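S.K.: Have a look at this one before I ask anything.
The values are calculated or read from the model by the stated rules, or taken from the named source; none is laboratory data. Here the structure is a predicted model, which means the values were calculated and not measured. Glycine gets a Cβ as well: all are built from the backbone with ideal geometry, and neighbour counts include every protein chain shown.
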Amino acid sequence: MPKEMLPYLLTMVLLMIGVYGIVVKRNIIKIIVGVIITEYAVNCFLILQGYRDGGIAPIMTADMNTATFVDKSVDPVPQALILTAIVIGLGTVALMVALAIRLYEKYGTFDISEIRRLQG
Amino acid sequence: MEVLTVPVLYILLFFMILGSIVALEARDLLSTVIAIGAVGYGLSIIYLILNAPDIAIVQVVVEVLVLVILIRATVTRDDTTYGQPRDVFALASALVFAGLFLGFSYYVFQWMRPFGSPLMTVAKDYLAQGLEATGAANYVMAVLLDFRAYDTLGEATVIFTSIIGAYVILRSIGRKRRESAFRDDAHS
């Protein structure tokens with residue numbers, strides 16, 4: 001296990017904390033927070049994959065040519081895809097919170113063990 | 001500056017782990033929301049030091065919106081679950097599988113590229129041809145809006161669907177009930 005793998009392992013620990021929140025907690029808001037933590041961990045892991053030691057941001061300026069830029073820039077592909085994933089995460093969180101608010105209006109609690117009657 | 005990147009990364013990752021534990025174990029739901037906000041802003045600084053400024057800006061904006069949505073859900077509603085007995089089976093299985101997953105990932109990481117030297121087979125072509133092909137100086141935007149534009153179209157579809165879903169769920173009176181109410185008025 002080289003020392004360079006420690007950031008990956010820390011993001012995996014963060015992922016496991018999020019999964020713990022989803023599985024163990026009984027409050028719906030805490031479950032949503034667990035989903036958010038899981039999402040942050042996966043996004044962070046994929047951005048760490050594209051990092052290059054001593055690299056520069058993938059933005060071209062006037063004083064550099066293409067050859068040196070290819071050798072120095074970090075990977076732009078994971079950044080573009082994670083940009084998409086972050087915004088989609090916002091949409092799913094909004095949907096989950098809307099469901100939680102409706103459940104609170106109907107049952108008067110956030111406790112999932114008391115929300116049993118699944119009827120229309 | 002480059003020497004500092006990795007230590008600052010470790011500090012911020014430990015900060016995020018601590019903030020997540022606080023967010024999940026706090027008694028007050030408002031403390032939970034504020035702790036998850038701290039975690040999100042730490043993640044934004046991580047993106048900034050990893051040379052991803054576009055992602056850092058988007059993360060800050062999304063974090064503000066998530067905090068507003070979560071506070072709308074939690075304010076004036078109290079947590080009745082605290083103080084009740086825990087589900088021991090769920091706790092034990094979560095801890096066992098977290099340990100198994102971490103051990104497996106520790107074993108698997110030795111076949112991955114080490115941190116700081118990415119595999120850039122696709123990105124090399126994008127970086128070499130991006131300026132001539134798209135005319136964009138920012139290569140993240142070149143990938144997002146030109147090379148992978150169909151992904152962005154799908155993302156817009158997902159956002160649209162989730163907003164329609166949230167609107168339908170939060171509507172105070174369903175359409176069917178309102179129609180039946182009008183019908184009852186007409187009969188009476």
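S.K.: Taking the condition of being surrounded by fewer than 21 Cβ atoms within 10 Å (Cβ to Cβ), outside any helix (DSSP H, G or I) and either charged (D, E, K, R) or touching a residue at least 40 places away in the same chain (Cβ under 8 Å) (or both), how many residues in segment B:25-74 meet it?
M.R.: Summing the residues that are surrounded by fewer than 21 Cβ atoms within 10 Å (Cβ to Cβ), outside any helix (DSSP H, G or I) and either charged (D, E, K, R) or touching a residue at least 40 places away in the same chain (Cβ under 8 Å) (or both) in segment B:25-74 gives 2.
S.K.: Can you name the residue in segment B:9-32 that is in contact with a helix residue (DSSP H, G or I) (Cβ under 8 Å, 6 or more places away or on another chain) and more than 8 Å from chain A (Cβ to nearest Cβ) and is also nearest to A:VAL77 (Cα to Cα) among such residues?
M.R.: Among those residues, the one meeting the criterion is B:LEU12.
S.K.: Further question: Taking segment A:47-105 as the search range and keeping residues that are in contact (Cβ under 8 Å) with a residue 24 or more places away in the chain and among the polar types (S, T, N, Q), which one is farthest from B:LEU131 (Cα to Cα)?
M.R.: Only one residue fits best here, namely A:THR92.
S.K.: If A:PHE110 meets every condition in (1) more than 24 Å from A:CYS44 (Cα to Cα); (2) without any contact (Cβ under 8 Å) to a residue 60 or more places away in the chain; (3) in contact with a strand residue (DSSP E or B) (Cβ under 7 Å, 6 or more places away or on another chain) apart from one, which number is that one?
M.R.: Tallying (1) more than 24 Å from A:CYS44 (Cα to Cα); (2) without any contact (Cβ under 8 Å) to a residue 60 or more places away in the chain; (3) in contact with a strand residue (DSSP E or B) (Cβ under 7 Å, 6 or more places away or on another chain), A:PHE110 fails exactly one: (2).
S.K.: Taking B:GLY116, is it touching a strand residue (DSSP E or B) at 6+ places or on another chain (Cβ under 7 Å), more than 15 Å from A:VAL77 (Cβ to Cβ) and not aliphatic (A, V, I, L, M)? I'd like the intermediate steps shown before the answer.
M.R.: On the way: touching a strand residue (DSSP E or B) at 6+ places or on another chain (Cβ under 7 Å): yes; more than 15 Å from A:VAL77 (Cβ to Cβ): yes; not aliphatic (A, V, I, L, M): yes.
Against the criterion (touching a strand residue (DSSP E or B) at 6+ places or on another chain (Cβ under 7 Å), more than 15 Å from A:VAL77 (Cβ to Cβ) and not aliphatic (A, V, I, L, M)), B:GLY116 qualifies.
S.K.: Another question, if that's okay. Give segment B:130-141 a look and list any residue that's more than 23 Å from the chain's Cα centre (by Cα) and within 16 Å of B:ASP54 (Cα to Cα), or say none.
M.R.: Listed by number, the residues that qualify are B:ALA136, B:ALA137, B:ASN138.
S.K.: Please specify each residue of segment A:43-83 satisfying the condition of being part of a loop (DSSP other than H, G, I, E, B) and more than 18 Å from B:LEU119 (Cβ to Cβ). Working first, answer last.
M.R.: Looking only at segment A:43-83, we keep the residues that are part of a loop (DSSP other than H, G, I, E, B), and these are A:50-51, A:53-55, A:57-58, A:60-65, A:74-75.
Across segment A:43-83, the qualifying residues are A:ALA57, A:MET60, A:THR61, A:ALA62, A:ASP63, A:MET64, A:ASN65.
S.K.: Mind telling me which of the residues A:ARG102, A:ARG52 ends up being at the interface with chain B (Cβ under 7 Å from one of its Cβ atoms), modelled with pLDDT under 90 and in contact with a Gly (Cβ under 8 Å, 6 or more places away or on another chain)? Steps first, please.
M.R.: Numbers: A:ARG102 fails: in contact with a Gly (Cβ under 8 Å, 6 or more places away or on another chain).
Answer to the check: A:ARG52.
For (1) on the phi > 0 side of the Ramachandran plot; (2) modelled with pLDDT under 90, each residue gets a yes or a no:
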site: B:LEU18; (1), (2): no, no
site: B:ILE34; (1), (2): no, no
site: B:ALA38; (1), (2): no, no
site: B:VAL66; (1), (2): no, no
site: B:ASP78; (1), (2): no, yes
site: B:PHE89; (1), (2): no, yes
site: B:GLY116; (1), (2): yes, yes
